[in-house]
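Report on the structure given below.
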Amino acid sequence: MDDLTAPLKAKTKQRKERTGPRLSALLGRMPALKLGVIAPVLLVALVFAAAAYVRFAGDPRGGEPVAVIALDEGTAVKPDPTEDMKGSQDTQESMVAAQEPDTEEDVDVIDTDGGAKVIIIRPEETIREASLPPVPDNRLVERTASGLLPRRGDDGAVPSTVYARQHVFSAQTTAGDKPRIAILVNGMGLNSTQTTEAIRQMPADVSLAFAPYADNLQQWVSGARQDGHEVVLQIPMEPFDYPDNDPGPHTLLTSLTPKENLDRLHWSMARMVGYVGLTNYMGARFSASREVLRPALLEMKKRGLLFIDDGTSPRSLAAEIAGEIGMPARRADIVLDAIPAPDAITAAIERLEVKAFQDGVALGVISALPVSIKTVSEWLQKLDNRGIELIPVSASTKAVAEG
């Protein structure tokens, strides 16, 4: 009651009167406190400080989050397959030896947006036997201001064949040869989950096209080739509604000079190594202009590459010009997921089968969408039972050339 009713000054005086004797008594016991309380507290603090020093002082990454993965004894971490792109000149033989797995598991670690990592651990029995050799082949690279560009080897070797997945065609027996189908998956590398699913679910004879803007592009390409897939590079080209619909930086444009477009083409081509050829990303306006498309195709041919027209533009002159200059090329017959729904994709697949039986060879393209990957991969599992042979995209140009 006194505390509630007394004026503020009176409260202060009362508080001093109450606490004064207690404080004097406490000060009188200070030696006991030093021995009974302060000493144990200091001892505990020293123990924790010593433990922290032992835990972190010898580790330059001490205190950072750590992930621990148990590996079998003898497991080795393979070197970066793109070390040659950073300036080293390892021979092709040493690069092959460096990447041969010597354990029962093969581990890929791919950085993604935001600093996260996708870790793919492949047991030995799941690694495809037909994995492709590491890249680059030093015969087929040229160092330029843009970076490493593909080129024809002095011995006549070209990227379109050296980097291709080799395919042995089935024996021809009758006039009605076994029809062949090639599948190209576009948009690889832009989404980590979808890219991983496409690499793992699709048969090795399916070819994969990577966008030049993908993060960790060379790691994705190396992972795809390790699973046996040959790869293609997408080149952004001007659509009719540009710039409202913009494919991205370094797009090839009809308003630029051939020299300016070649500089942009080289930027995209230097983003990765190990591809058999190029395909358009958009580009309805650019591919309809002979004046700008022909110099670009001539540059691709000079460097030993093939070209795949994705079939999205009926006005494209790519196949026509490629035939005129003697460049291996192929136009897609059907975009299988123009409508990305299971029923629509299945209907497009049926049309692709009919095209293969009619012409002997048919090429279908899809995007790396979950519904497209799932629907097409399930169909491909039954392809052989339907009397159709699956071939890589590069082999489709060979099949067409051989009739």
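Every read-out reported here was derived from the displayed coordinates using simple, explicitly stated rules and does not represent laboratory data. Worth saying up front: this structure is predicted, and the values here are computed from it rather than measured. Positions of Cβ are backbone-derived with ideal geometry, glycine not excepted, and every protein chain shown enters the neighbour counts.
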_At a 10 angstrom cut-off on C-beta neighbours, averaged per residue, how do the peptides 204-215, 335-346 rank from highest to lowest?_
204-215, 335-346
*For segment 218-227, just list the computed ³J(HN,Hα) in residue order, Karplus coefficients 6.51, -1.76 and 1.60, θ = phi - 60°, integers in Hz, with x standing in for Gly and Pro.*
5, 5, 4, 4, 5, x, 5, 5, 5, 8
_Amide H contacts under 5 Å for N280, placed H, 5+ residues apart_ = I235, I308, D310
*Amide H of V141: which non-local residues (sequence gap of 5 or more, or other chain) have their own amide H closer than 5 Å, using H built in the peptide plane?*
R151
_On a 18 Å Cα-Cα criterion, which of the cross-link pairs K178/K382; K178/K374; K259/K302 come out too long?_
K178/K374
*With both partners inside segment 138-401, how many of the DSSP beta bridges are antiparallel, as a percent to the nearest 5?*
10
*Over segment 144-299: Rg over Rh, Cα atoms, Kirkwood Rh*: 1.00
*HN-Hα J couplings of segment 358-374 from phi, Karplus 6.51/-1.76/1.60, θ = phi - 60°, integer Hz, Gly and Pro as x?*
6, 9, x, 9, 9, 10, x, 10, 9, 9, 7, 8, x, 5, 5, 4, 5
*Can you put E299, E260 in order of Cβ neighbours within 10 angstrom, beginning with the fewest?*
E260, E299
*Post the alpha-carbon centroid distance, segment 352-403 to segment 245-308, in whole angstrom.*
26
*Under a point spin-label approximation (7 Å from Cα along Cα-to-Cβ), what is the D263-L46 distance to one decimal in nm?*
7.0
_Rg ratio (alpha-carbon, reference 2.2 N^0.38 Å) - segment 138-401_ = 0.96
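D359 to D155: extension gain in nm, 0.36 nm per residue of separation minus the Cα-Cα distance?
Fully extending the segment from D359 to D155 adds 69.9 nm.
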*Could you state, as a whole-number percent, how many of the C-alpha pairs of segment 242-347 are farther apart than 23 Å?*
29
